[in-house]
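The values are calculated or read from the model by the stated rules, or taken from the named source; none is laboratory data. What you see is a predicted model; the values in this text were computed from it and never measured. Reconstructed Cβ throughout: ideal geometry from the backbone, glycine too, with neighbour counts over all protein chains shown.
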Amino acid sequence: MAKRKKSQKKKTNTTILTYIAWTLALIALVITALFAGYYIGFSDGKTKTEKIRSKENATQRALLKKLENSLIKMPLSVNTRLKSVLKKETKHYISASHEIDGNSLANVPKMAKRKRVITPHKARLAIIIDDVGTKRQVEAIKSLKLPLTMSFLPPSKGRPNTAKLAKLEKLYMVHLPMEAQNWSAEEPNTLRINDEQTKISARIKEIKELFPKVKYINNHTGSKFTSSEVAMNRLIFALTANNIHFIDSRTTAHTKAPKVLKNFGLKYMSRDVFLDHHMDKPYVLEQIKKAIKVAKSHGIAIAIGHPHKNTLQALYESKELLKDVELVYINRL
């Protein structure tokens, strides 16, 4: 009887050990499966990550290659952009550069006589781009990466956004229309020699409201207006009241601006060189050289051009030449 009990107990222990063994085997199998799944998932994820990184690297290499190519072709791309940007602007472009003593191309008024300015720095040249009136023109001028002073025409039906465009710039001028001796394409609200002081003052106040940051004004056309001492007295009085300086575009040799400004105790500043009185590029290139020569001779100089594609292309091609002087904005003269 004791022998049977001992045998039965042994059998029970064997069964328990079997269950334990199977349980441990099952646990081991589950753990093995989990590790295998993790490893397979990790490997698969690693492979996908490597593929993504490889694709990103390829994209970056392609972008760098494209950038290198664009830098190599920069001169061509700038010239092409100027042609494209200004194509519509210059097709039927009328410029005040032709309003010289009754529309005569032969007799451009000479620069004002003045003494050489002795300065501790390199000779300075300011280039004003007149007749700025559209976003396309602003973009083309700024694409040159040169310190060119833009002179905006007042808003009109044909150019409604000039004041808005100017407000985006740190420094600008206003190109104020004034009466000419002979000019068929007169701008709206052109100042005339018979305008009373109240009318001229009201116009300058309006300009100041439209262009709050304006510090400099030059004349658009104006050969007749600037030849009148009375009219210039009224204008300079109005400008001084609004803390605005006058720069004479010098569209006539008979300008009374030097005398009037002297009477007001103010400095006379005027255009020395017209860059694009003729609009072919070889002429403009020669005028740029002339402006540099004047600046070197007198210490400072002012040149005036317009947003013609040939003018802007000539300026772009003259970047090395312009290093002979310090090209500056108008407020640095």
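Listing for the model above:
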{"quantity": "Total residues in region 267-289, condition of a type outside the set (Ser, Thr, Tyr), surrounded by 15 or more Cβ atoms within 10 Å (Cβ to Cβ) and not in a helix (DSSP H, G or I)", "calculated": "10"}
{"quantity": "Any hit, region 285-307, residues being modelled with pLDDT under 95, closer than 21 Å to Lys142 by Cα and assigned by TED's automatic domain parsing to the domain that holds Pro120", "calculated": "no"}
{"quantity": "In region 210-237, the residues that are surrounded by fewer than 23 Cβ atoms within 10 Å (Cβ to Cβ), more than 23 Å from the chain's Cα centre (by Cα) and of a type outside the set (Lys, Arg)", "calculated": "Ser227, Ser228, Glu229, Val230, Asn233, Ile236, Phe237"}
{"quantity": "Filtered residues of region 178-201 (kept if acidic (Asp, Glu) and more than 19 Å from Asp131 (Cβ to Cβ))", "calculated": "Asp195, Glu196"}
{"quantity": "Residue satisfying condition, being of a type outside the set (Phe, Trp, Tyr), touching a Leu at 6+ places or on another chain (Cβ under 7 Å), outside any helix (DSSP H, G or I) and surrounded by 20 or more Cβ atoms within 10 Å (Cβ to Cβ), within set Ala301, Ala314", "calculated": "Ala301"}
